[in-house]
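Just below is one structure, and these are the notes that go with it.
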Amino acid sequence: MLRIELLGRPRLTLDGEPATFAGRPKVLPLLAFLVLHPGAIPRERVASSLWPEVSDAHARDNLRRHVHYLRALLPRPGPSAWLTAGVRTIG
């Protein structure tokens with residue numbers, strides 16, 4: 001079981017054991033956005049929410065990179081993936 005605590009200092013625990021989580025500055029906001037918006041979310045919505053100050057194309061590139069960073073930081077999943085990323089949606 002993966003537990004994510006976002007209030008105060010962010011913490012992740014996997015099966016009751018602390019999981020290390022350190023990454024690029026927007027990785028934690030990406031994780032928080034996905035946790036707070038369950039289900040499949042259009043990539044454009046996530047990208048424009050996290051990078052409103054850049055062009056749509058640049059925001060999508062940032063999202064693609066940060067999804068890769070997030071996957072590398074999350075503990076290895078059990079029977080189901082912690083993160084699902086399709087061509088048009090992410091969740």
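The values are calculated or read from the model by the stated rules, or taken from the named source; none is laboratory data. Computed from a prediction, not measured in an experiment: that's the story for all the values here. Note that we place each Cβ from the backbone using ideal geometry, even for glycine, and neighbour counts take in every protein chain shown. Each accessible area value is taken on the protein alone, full model and side chains, heavy atoms only, with ligands, DNA and RNA left out. Shrake-Rupley method; radii C 1.70, N 1.55, O 1.52, S 1.80 Å.
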Subject >> Solvent-accessible heavy-atom area per residue, rounded to whole Å², over the chain at 1.4 Å >> reply: 67 Å²
Original post:
So which residue, out of V46, V27, V35, gets the largest mean-square fluctuation from a GNM of the chain using Cα contacts under 10 Å as springs?
Top reply: V35
**OP:** Rank L7, A47, H58 by how far each Cα sits towards the positive end of the charge dipole of the chain (+1 on Lys, Arg Cβ; -1 on Asp, Glu Cβ) and give me just the farthest.
**Re:** H58
Original post:
Can you pull the percent of the chain's accessible area that's carbon plus sulfur, 1.4 Å probe, other chains left in place?
Top reply: 55 percent
Original post:
In nm, to one decimal, how far is the modelled label at A40 from the one at R65, with both set 7 Å along Cα→Cβ?
Top reply: 2.8 nm
Original post:
To the nearest 20 debye, what charge dipole does the chain have about its Cα centre, counting +1 at the Cβ of each Lys and Arg and -1 at the Cβ of each Asp and Glu?
Top reply: 140 debye
